Amino acid sequence: VQLQASGGGLVQAGGSLRLSCAASGRAFSSYPMGWFRQAPGKEREFVGTISWKNITPYYAGSVKGRFTISRDNAKNVVYLQMNNLKPEDTAVYYCAARVGGVSSTAAHDYDYWGQGTQVTVSS
C-alpha cells in the first residue's frame, strides 16, 4: 500500500484546508485510516481515525468540532477537512493505513504511512 498526502499549505488563523490522502491497492476499502500530525520538537500525535465502513470517525479532543474525516472508497481517498484552524495546528500531517483490525488512536497500530504534508497556520 502506498499513501500520498496532499493539500497542505499556509493559511491564516480561522481559515480552512482540506487534506487528501490517495491510496494505492485494491484493499483500501477494508483498511481503517488515521490522520496524525507532528509539530517541530514534538512527538507525533493522533488527530483522527475512520473505520473502513466510513462510520463514526473519532477525533482527538483538540480538533473535535473543527476537523472532519471522510473517505471515498470508490476513489481510494481519505480526506481531512480542517476548519477554524489555529496556530497550534501547525504541523506536518500524515495519513496512515491499518491492515486488519479496527480504528486506533495509536500510531504503532498503523502499518503504512504517507510522506506527510506541511500545514502552517499564521496568527
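The values are calculated or read from the model by the stated rules, or taken from the named source; none is laboratory data. Small disclaimer: the values here were computed from a predicted structure and weren't measured. Note that we place each Cβ from the backbone using ideal geometry, even for glycine, and neighbour counts take in every protein chain shown. Each accessible area value is taken on the protein alone, full model and side chains, heavy atoms only, with ligands, DNA and RNA left out. Shrake-Rupley method; radii C 1.70, N 1.55, O 1.52, S 1.80 Å.
Structural remarks
- Remark: pairs (first residue in the range 29-51, under 10 Å from Y94 (Cβ atoms) and in contact (Cβ under 8 Å) with a residue 24 or more places away in the chain; second residue among the polar types (S, T, N, Q) and open to solvent by 10 Å² or more (accessible area, probe 1.4 Å); Cβ separation under 8 Å; 6+ apart in sequence or on different chains) = G34/S103; G34/S104; G34/T105; R44/Q38.
- Residue count, the range 69-96 (criterion: among the small types (G, A, S) and at pLDDT below 95): 2
- Of residues in the range 18-43 being hydroxyl-bearing (S, T, Y) and assigned to a loop (DSSP other than H, G, I, E, B), the one surrounded by the fewest Cβ atoms within 10 Å (Cβ to Cβ): S24
- From S104, S123, S51, residue being open to solvent by 40 Å² or more (accessible area, probe 1.4 Å) and not charged (D, E, K, R): S123
- Pair list, Cβ under 7 Å, 6 or more apart: the range 98-113 residue touching a residue at least 40 places away in the same chain (Cβ under 8 Å) and on the phi > 0 side of the Ramachandran plot, other residue open to solvent by less than 70 Å² (accessible area, probe 1.4 Å) and not acidic (D, E): G101/P32
- The single condition from (1) closer than 16 Å to A5 by Cβ; (2) assigned to a strand (DSSP E or B) that T68 fails is (1).
- Within the range 73-94, restricting attention to residues that are open to solvent by less than 30 Å² (accessible area, probe 1.4 Å) and in contact with a helix residue (DSSP H, G or I) (Cβ under 9 Å, 6 or more places away or on another chain), the residue that is nearest to Q118 (Cα to Cα) is M82.
- Test result for G61, more than 12 Å from the chain's Cα centre (by Cα) and at pLDDT 95 or above: yes
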